[in-house]
Structures are given as C-alpha cells and as structure tokens.
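For reference, the structure discussed in these notes is given below.
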Amino acid sequence: MPRLVPAVQRAADVLELFLGPDATLSAAEIVERLGLPRSTTHELLTTLVARRYLDRQVGEETTYALGPVLLELGSRYQQRLEFAKEADAAARSVAAQCGETVHVGILDGLDVIYLSKIDSTHSVRLISEVGRRLPAHCTAVGKVLLAGLPPAELNARLKGRRLAALTENSITSRAMLLAQLEEVRRTGVAHERSESNPDAGCVAAPVVDARGEWAAAMSISIPTSRHSEESWRQWEKLVREGAARLTLRLGGVPVQ
C-alpha cells in the first residue's frame, strides 16, 4: 500500500468539508468536525488561504470558503472531460470511414498518453488501450506533438535523454529524429512504420487548440498485413480531415 502524506491528507480533509451543505465554516467548526488540534488547523487554514484554495472572510466571526484556485482546477478538469468527449466523437467518425483503429493522444514529457481509442472493425486489430503510455519518438502521434514544441523546449526535453528502441525500426538517433520532426512541420503529418510495434504502423496529424498550439494528435493505426501505398494515401487524407474537425471544435485553425 502506498505511503500517504499526513499533512496533505489533513489539507484534503479540510477542503472536503465544503462538499457538504455549508458554504462557509469557521476555524472552530473545522476543529470540531475533524478533531484536529487548534494549532494544526490554524496552520492548515493559513497555508490554504495563502495558496488561494480557501478565502478568509472577516466579519463578526472569521469564516472560510472555497477559493478561486479550486474553480480554476475544476474548469481545467471540465475542459479535459469535454476534450475527451470531442476526441471520441471525432475519432469515431474517422474509424467509421476507414475501419481501422483511431487514437487521439497528448504529450507528457517525452511520452504519448492515449486519451481516446476507437477499435478497428476488422477481425485482425491492434491491442491498445486508453491511458497507455509510449515513447513519443516511436509513434506518429508523438512525432506530431514533438514537432509542435518550440525548439528551445524540444531541446530541453531531449537533453541527456537516450532514445530507446521498441523495435528494430525505432529511431534511436537524435539527428534522425530532428530531421523527421522538421518534415512533420513542413507537411503537417507524421508516419510511423513498425517503430513501436513490429506488426503495425500509423499516420497522424495535429489537433490545434484555440491558442494555436499542437495540443493533441489523431492517428490511424494499421496492421502491416493491410499496408499498401494507395491505402497510406487514403489514411493520410482521412486523419488530416479528422484532426481538422477536432481542431475546429476546439476553436483552433487546422494545419494546412
């Protein structure tokens, strides 16, 4: 069982009191409900107010209410839920057209995390799952997202990092990766052929948010048994169109 930090647990206990019917609580009420020492409660409240998780309201009696940071966090969480819903809808539309597996992923450090997945309709399909994490340099989604980073940020993330191979086709050369990322910026699409899975490849395009950032990427993944140059051109067209539709839903401008 993981070790929990007592101070963080107590701070969470204080905040969760406001999930009840009371919009405001005094220090005395918090002490009574949680059974904490007054000095500990005072330190927790002072810290939570300083970090804007709580508001201190001075009147006949000093009381506390939820602060603006929680609204900001809640808004970000809501945005993530809405994005996941939009991503699923856009991915489902593309999957219906091509019959192959469609993913939408985001970048975390030098890894890709898949937020959405619509399965292929074929009997031979890829095994993957939402929440899976893969090295970005081995995937088309990851190449798109790395290509979308400002050069200084990309260099900082790559500094001192070894590019591990998942297959014999994986890129392990930083120079080769940078050359491919430059091509992705030029064309607006990325390819990966048996670099993360020896039996599959994929093509991906950027999803642009309202700030103009390549916030996510959509990919079509295909077993090598169904690869052909004609099919690759069709998949590239479909993934561009799907990423563009999702981009418009997010208020962004699609990559041409």
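Here's the yes/no breakdown for (1) open to solvent by 20 Å² or more (accessible area, probe 1.4 Å); (2) at pLDDT 95 or above; (3) over 20 Å from Trp232 (Cα atoms); (4) of a type in the set (Phe, Trp, Tyr):
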| position | (1), (2), (3), (4) |
| --- | --- |
| Arg92 | yes, no, no, no |
| Gly99 | no, no, no, no |
| Gly109 | yes, no, yes, no |
| His122 | yes, no, no, no |
| Arg133 | yes, no, yes, no |
| Ala136 | no, yes, yes, no |
| Lys143 | no, yes, no, no |
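Just one residue in the set Glu183, Glu213 is charged (D, E, K, R), at pLDDT 95 or above and open to solvent by 20 Å² or more (accessible area, probe 1.4 Å); that residue is Glu183. Of the residues Ser173, Ser116, the single one that is open to solvent by less than 20 Å² (accessible area, probe 1.4 Å) and over 23 Å from Ser228 (Cβ atoms) is Ser116. Close contacts from the stretch 107-121, counting a first residue that is on the phi > 0 side of the Ramachandran plot and a second that is surrounded by fewer than 19 Cβ atoms within 10 Å (Cβ to Cβ) and among the basic types (Lys, Arg), with Cβ to Cβ under 9 Å and a gap of 6+ residues or different chains, come to Gly109/Arg157. Do the conditions hold for Val208, that is, is it within 26 Å of Ala89 (Cα to Cα), in contact (Cβ under 8 Å) with a residue 24 or more places away in the chain, hydrophobic (A, V, I, L, M, F, W, C) and out of contact with any Gly (no Cβ under 7 Å at 6 or more places or on another chain)? Answer is no for this residue. Touching a residue at least 60 places away in the same chain (Cβ under 8 Å) and not β-branched (Val, Ile, Thr): is that true of Ala50 in this structure? So Ala50 does not fit the description; no. Could you list, in sequence order, the residues of the stretch 23-48 that are surrounded by fewer than 14 Cβ atoms within 10 Å (Cβ to Cβ) and either charged (D, E, K, R) or in contact with a Gly (Cβ under 8 Å, 6 or more places away or on another chain) (or both)? Within the stretch 23-48, Glu32, Arg38 qualify. Filter the stretch 216-237 for residues that are under 23 Å from the mean Cα position of the chain (by Cα) and either open to solvent by 40 Å² or more (accessible area, probe 1.4 Å) or without any contact (Cβ under 8 Å) to a residue 40 or more places away in the chain (or both) and give the result. Passing the criteria: only Glu236.
For the stretch 47-83, the candidate set comprises residues that are hydroxyl-bearing (Ser, Thr, Tyr) and within 20 Å of the chain's Cα centre (by Cα); within that set, the residue that is farthest from Ala7 (Cα to Cα) is Ser75. All of Gly242, Gly188, Gly148 fail the test of being touching a strand residue (DSSP E or B) at 6+ places or on another chain (Cβ under 6 Å) and open to solvent by less than 10 Å² (accessible area, probe 1.4 Å), apart from Gly242. Counting only residues that are outside any loop (DSSP other than H, G, I, E, B) and touching a His at 6+ places or on another chain (Cβ under 7 Å), how many does the stretch 150-190 have? Number of matching residues: 1. No other residue among Gln234, Gln256 is under 14 Å from Val94 (Cα atoms) and not in a strand (DSSP E or B) apart from Gln234.
The values are calculated or read from the model by the stated rules, or taken from the named source; none is laboratory data. These numbers come from a predicted model, not from an experiment. A quick note on method: Cβ atoms are made from the backbone with ideal geometry, for glycine too, and the neighbour counts reach across all protein chains shown. Quick note on the areas: whole protein, heavy atoms, side chains included, nothing else; ligands and nucleic acids left out. Shrake-Rupley method; radii C 1.70, N 1.55, O 1.52, S 1.80 Å.
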